[in-house]
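I have placed the structure first, in the form of structure tokens, so that the comments after it can refer back to it.
The values are calculated or read from the model by the stated rules, or taken from the named source; none is laboratory data. Computed from a predicted structure; not experimentally measured. Here the Cβ positions follow ideal geometry from the backbone for every residue, glycine too, while neighbour counts run over all protein chains shown.
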Amino acid sequence: MSYEDRDTYGMYKSTSYKSYDKQGPGPRLMGADTLIGEDVYNHKDEDLGDIKEIMLDMNTGAVAYAVLSFGGFLGIADKLFAVPWKALKLDTENKRFILNVDKERLEAAPGFDKDDWPNMADPTWQNTINSYYGTKSYTDTTATKGYTSSGKKEDRIIPEAPSGTDFVKDETGGDYVHK
């Protein structure tokens with residue numbers, strides 16, 4: 001089931017994800033409730049599970065993690081994983097998320113049981129998770145958005161507007177689009 005199927009308020013009905021000139025908030029701004037249950041795949045087109053929860057930092061409002069359920073059968077014995085939000089990319093064409101992790105690597109990732117959640121605010125735990133997925137912490141304010149730590153331009157599905165502007169340059173067509 002995709003986010004369009006969970007669209008209680010009809011916010012994505014008039015939005016074409018290939019054109020930013022339509023009405024509606026997506027895909028730059030999306031309702032958290034429509035993303036819970038969203039499928040997560042990797043670049044090999046392997047099903048890695050689905051999003052069970054989205055964790056917000058209540059002090060900053062930042063999205064910290066998506067809680068991914070993987071393994072088990074019919075929701076029984078699923079292992080949960082906190083995946084840094086920055087590690088996920090929205091695939092608007094297939095209406096799912098992409099996590100660039102092999103299935104075997106995810107199976108070996110630090111996870112937890114639904115009845116025994118870790119302290120996600122613990123900086124040591126955060127460092128472990130971010131190190132495993134190769135991301136910077138959501139609390140790291142020194143990161144340059146749109147670029148990796150090596151300075152290489154990050155492959156973004158959704159363009160990011162420069163601070164203080166109302167428009168972003170659409171790199172696929174070269175037009176400026178309203179943010």
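Tell me, please, whether a residue that is touching a Pro at 6+ places or on another chain (Cβ under 9 Å) and part of a helix (DSSP H, G or I) can be found in segment 63-73.
no
Six or more apart or on different chains, Cβ atoms under 6 Å: show the pairs whose first residue is in segment 27-40 and farther than 13 Å from Lys52 by Cβ and whose second is among the polar types (S, T, N, Q) and at pLDDT below 90.
What qualifies is Pro27/Thr92.
Of the conditions (1) in contact with a helix residue (DSSP H, G or I) (Cβ under 8 Å, 6 or more places away or on another chain); (2) modelled with pLDDT of 90 or more, Ala108 clears all except one; give me its number.
Among (1) in contact with a helix residue (DSSP H, G or I) (Cβ under 8 Å, 6 or more places away or on another chain); (2) modelled with pLDDT of 90 or more, the lone unmet condition for Ala108 is (1).
Which of the following residues is touching a strand residue (DSSP E or B) at 6+ places or on another chain (Cβ under 9 Å) and on the phi > 0 side of the Ramachandran plot: Lys95, Lys136?
On the way: Lys136 fails: on the phi > 0 side of the Ramachandran plot.
That would be Lys95, the only listed residue that is touching a strand residue (DSSP E or B) at 6+ places or on another chain (Cβ under 9 Å) and on the phi > 0 side of the Ramachandran plot.
For segment 99-132, name all the residues that are under 9 Å from Ala82 (Cβ atoms), in a loop (DSSP other than H, G, I, E, B) and touching a residue at least 60 places away in the same chain (Cβ under 8 Å).
Met120
Of the residues Asp78, Asp91, Asp21, Asp57, which single one is modelled with pLDDT under 95, among the acidic types (Asp, Glu) and crowded, with 19+ Cβ neighbours inside 10 Å?
Numbers: Asp91 fails: crowded, with 19+ Cβ neighbours inside 10 Å; Asp21 fails: crowded, with 19+ Cβ neighbours inside 10 Å; Asp57 fails: crowded, with 19+ Cβ neighbours inside 10 Å.
Of the residues listed, the single one that is modelled with pLDDT under 95, among the acidic types (Asp, Glu) and crowded, with 19+ Cβ neighbours inside 10 Å is Asp78.
Is it the case that some residue within segment 129-144 is farther than 24 Å from Ala32 by Cβ and at pLDDT below 90?
yes
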